[in-house]
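The values are calculated or read from the model by the stated rules, or taken from the named source; none is laboratory data. Remember, it's a predicted structure, so these values are computed and weren't measured experimentally. Positions of Cβ are backbone-derived with ideal geometry, glycine not excepted, and every protein chain shown enters the neighbour counts.
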Amino acid sequence: MKVLKNSIVIVVLLVSTMSFAQDRELTEEQKEQVKEQLEQYFEKLDLSEEQKPKFEEITKKYALQMKTLKTSDKGRFAKYKEFKSIKRSKNKEMKTLLSDEQYKIYKNTQKEIQKKMKEKRKNIN
């Protein structure tokens with residue numbers, strides 16, 4: 001259950017930071033950090049110029065959904081179910097956009113981020 005909770009927190013944090021275009025209250029520094037994260041994905045995945053705007057659009061679309069879910073008054077189980085549904089939908093879209101190799105890298109990157117966030121949370125507690 002703790003791993004599940006941490007996974008949800010990681011994804012929500014990642015998605016929240018990527019929704020800079022949706023949130024006008026972010027500082028310039030925060031916007032710059034988000035842009036850098038997207039650029040790292042672009043580079044790591046070796047996205048083509050055609051793929052980049054689509055990747056960013058998909059990311060922002062699901063970031064907004066996750067942000068809305070995070071602030072909703074739904075129960076934990078309902079939020080978790082919806083989180084999984086959103087994640088599945090995003091992964092389906094990413095899979096159609098990315099090549100098989102890019103998608104593997106994308107999924108591995110997500111796992112790395114989850115690991116880092118989990119370690120960070122362990123160090124806080």
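Name the residue that is nearest to LEU45 (Cα to Cα), counting only residues in the stretch 70-102 that are of a type in the set (A, V, I, L, M) and in contact (Cβ under 8 Å) with a residue 24 or more places away in the chain.
For the stretch 70-102, the residue satisfying everything is LEU98.
Of the residues that sit in the stretch 50-90 and are of a type in the set (A, V, I, L, M) and either within 19 Å of LEU38 (Cβ to Cβ) or at pLDDT 90 or above (or both), which one is nearest to the chain's Cα centre (by Cα)?
Residue satisfying both the conditions and the ranking: ALA63.
Go through the stretch 37-57 and give me each residue that's charged (D, E, K, R), assigned to a helix (DSSP H, G or I) and in contact with a helix residue (DSSP H, G or I) (Cβ under 8 Å, 6 or more places away or on another chain).
Matches in the stretch 37-57: LYS44, LYS52, LYS54, GLU56.
Which condition breaks for VAL9 when tested against (1) at pLDDT 85 or above; (2) under 12 Å from the mean Cα position of the chain (by Cα)?
Every listed condition holds for VAL9 apart from (1).
Of everything in the stretch 91-125, what is at pLDDT below 90, under 24 Å from GLU57 (Cβ atoms) and either part of a loop (DSSP other than H, G, I, E, B) or in contact with a helix residue (DSSP H, G or I) (Cβ under 7 Å, 6 or more places away or on another chain) (or both)? Give them in sequence order.
THR109, ILE113, GLN114, listed by residue number.
Please give the number of the condition ILE105 fails out of (1) out of contact with any Leu (no Cβ under 8 Å at 6 or more places or on another chain); (2) in contact (Cβ under 8 Å) with a residue 60 or more places away in the chain.
(1)
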